[in-house]
Every structure is written in structure tokens, then in C-alpha cells.
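Inspection log for the structure reproduced underneath, given as C-alpha cells.
Nothing in this text is a laboratory measurement; each read-out follows from the coordinates by a stated rule. Computed from a prediction, not measured in an experiment: that's the story for all the values here. Cβ sites come from the backbone with ideal geometry, for glycine too, and all protein chains shown count toward neighbours.
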Amino acid sequence: MCAGIKLLILTFLTGYCMETVAQRVIPLYTDGNIPNALPVKDAEENDNGKLYQVSRPELTVYLPVSGNGIGIIVCPGGGYGNIVIEREGYKVAGDLVKSGYTVFVLKYRLPSDNWMQNKSIGPAQDAQQAIKMVRQQATDWGIDPGKIGIMGFSAGGHLASTAGTHFKQSYIDNKENINLRPDFMVLIYPVINMSDELAHQGSRNNLLGVNPGTAMIARFSNDQRVTSETPPVFLLHTQDDDVVDVRNSLVFYEALVRNKVPSELHVYPHGPHGFAIDPPFDRWLVMCKDWIQRVVKPAAEQ
């Protein structure tokens, strides 16, 4: 084989390895004891990048070639009925890792009475466990334990905002007293409010049941849980989103402003729900990365 062909193959393989560097799938509960779980056979299905019947939570870890010390946990959407793991998980992680972020795609349990004692808190438990695990092992993954954010899409945005507004209530065993508060949130066309007027009905039904009481609706309407301790937020939505009403992002932003939480809101006039990082909407990622770098200050500036 001539030297030129060898060099070409080596260059291709090196580039390939850099693009796919260090993807590792790990169980979210390493001791095998999943809280709030009922004994059930794993029946998970993958249909063209969408996961159904998820009862075994996992993290897929993406380690950058050269890290910037910031970790991001990504929660794909799917109305709490499935997880759009490919479009809103792996593809997003593939972009972020190229920019130096250490990324953790969360395959959270889908709420179900079939495998959960209390389905309303099941996904929140997994989000808190992900934050706890990442923070505990931050040094091993080359990230700063004080620079761990969470990103969510659609119903995954509701889950991410739950992590950012419910952190004072531990839904998991946390005898180590690990800080469960994410350091920032990125919410993309998120479900936020569970009221009759604003809720994405499918997400509400799957998480809270068909006829949730007013207390349960208020508990998981995360705009009502914003305080001055809520972490900074980047919000993005489209005005004519016909799946999740844009007012979900607007009421959340209003609550953030009232509580003086540093936040940034972008509303595109047109665009389909679930665009993820499809062009031309992928430009939001550039704005988001710039925002993260401004919000997550270097240690010398804190």
C-alpha cells in the first residue's frame, strides 16, 4: 500500500475517532436499585430513534477531545410517552461535544403505573440522580462540579425545568447531601405549565394522569415554582408552535423576570415543534453556547 493511501486512511480513522470519542452508556443507578420501581420485565422498544416503554434509565456520556470544564445533561422530549433520543439527544450531544462540552444524554424512565409506584415523580428522580452522579464524578469526567447544566426539549424541557425548580425537594436518596440544583437551564420549546389552558395534554396525562387535582397541577406547573434561587435560563420557542403553546415559555420567562433570575428568551415567529437542531433553526445553538459562556463564569471571575 502506498504511503499516500496509508496517510488518507489514517486521517479518516483519526477524524472518525475524534467525532465518536468516548461515548459510554452507564446505568443511572449503578447499584441496580431503581427507586420508586415496580418489578417488571424490560420491554423497551426503539422505533426509528424514538424509545418506548422505558423502565431502565441510563446516561450516554460524550467526552470531548479538549474539554471546557462544563457539563450538560440533555433531556430529549416525547410527551412523556416516548423519548426522541436520536434527534433531541444524540444529535444534539454530537454538536455540543465538538465545542468542548461534556455531554450526558439522559434516558429517563417514562411515567407509567405499570413500572412505577408514583409515576409523577419518576422522571424527576432520574433527572436528580443524573445531576447527583455527574456532580459526584465531575473530576473523573474533567468538568467543574459547579458548572453542570441541564437542557431539555418539549416534555424534556418540563423535566429539565422540574430539576431547576424542585431541587430543594429531594426525590431520591441523597444521604451524601449532594447539591441537586443545576447551575443553568436550557429549555427548547418546553412544556412548563400544566393548567387546562396551557398544558400539552399528552404530557400532562402521561405524567399526572387524566384527572389530576389542582394541587398536583400547581406542583408541576414549574412557572409557579420559580424563586430567586432558580438557576439562569436560556429559553427558545416558536410563536406558532401548534403542539406546545409558546405561552409556556412566556409565563416561565415572566416568573424569572419577577424573581430577577438572569435569563434570555428567543421566540422565532414561525417554525415547527420539534425542530431540534435542524437548519435553519440550528442557529439557536450558537446563541446558546455564547449565553452559556457568559453565564458560567471562569473561576477567576466568580
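Scan segment 162-189 residue by residue and report those that are touching a strand residue (DSSP E or B) at 6+ places or on another chain (Cβ under 6 Å), at negative phi and of a type outside the set (Val, Ile, Thr). Please lay out each step first, then the result.
Step one: list which residues in segment 162-189 are touching a strand residue (DSSP E or B) at 6+ places or on another chain (Cβ under 6 Å), which gives 163-164, 182-189.
Imposing the further condition that a residue be at negative phi reduces the set to 163-164, 182-188.
Scanning segment 162-189 gives 163, 164, 182, 183, 184, 185, 187.
Taking the criterion of being hydrophobic (A, V, I, L, M, F, W, C) and surrounded by fewer than 17 Cβ atoms within 10 Å (Cβ to Cβ), no residue of segment 123-140 qualifies.
Being among the acidic types (Asp, Glu) and buried (at least 21 other Cβ atoms within 10 Å of the Cβ) narrows it down to one of 173, 245, 196, 223, so name that one. Walk me through it before giving the result.
Values: 173 fails: buried (at least 21 other Cβ atoms within 10 Å of the Cβ); 245 fails: buried (at least 21 other Cβ atoms within 10 Å of the Cβ); 196 fails: buried (at least 21 other Cβ atoms within 10 Å of the Cβ).
One residue alone meets the criteria, 223.
Looking at this structure, is residue 297 of a type in the set (D, E, K, R), closer than 22 Å to residue 163 by Cβ and free of Cβ contacts under 8 Å to residues at least 12 places away in the same chain? Walk me through it before giving the result.
Working: of a type in the set (D, E, K, R): yes; closer than 22 Å to residue 163 by Cβ: yes; free of Cβ contacts under 8 Å to residues at least 12 places away in the same chain: yes.
Taking the combined requirement at face value, the residue satisfies it.
Consider segment 226-242 and keep the residues that are free of Cβ contacts under 8 Å to residues at least 40 places away in the same chain and more than 21 Å from residue 179 (Cα to Cα). The one that is surrounded by the fewest Cβ atoms within 10 Å (Cβ to Cβ) is 242.
Go through 112, 120 for me and flag whichever is touching a helix residue (DSSP H, G or I) at 6+ places or on another chain (Cβ under 7 Å), among the polar types (S, T, N, Q) and surrounded by fewer than 24 Cβ atoms within 10 Å (Cβ to Cβ). Spell out the reasoning first.
Numbers: 112 fails: touching a helix residue (DSSP H, G or I) at 6+ places or on another chain (Cβ under 7 Å).
Matching residue, one of 112, 120: 120.
For segment 156-170, the tally of residues that are surrounded by fewer than 24 Cβ atoms within 10 Å (Cβ to Cβ) and either of a type in the set (Val, Ile, Thr) or more than 17 Å from the chain's Cα centre (by Cα) (or both) stands at 3. Exactly one residue among 194, 216, 133, 151 is in a helix (DSSP H, G or I) and closer than 25 Å to residue 251 by Cα, and that residue is 216. Once segment 22-42 is narrowed to residues that are surrounded by 12 or more Cβ atoms within 10 Å (Cβ to Cβ) and of a type in the set (Gly, Ala, Ser), the residue that is farthest from residue 129 (Cα to Cα) is 22.
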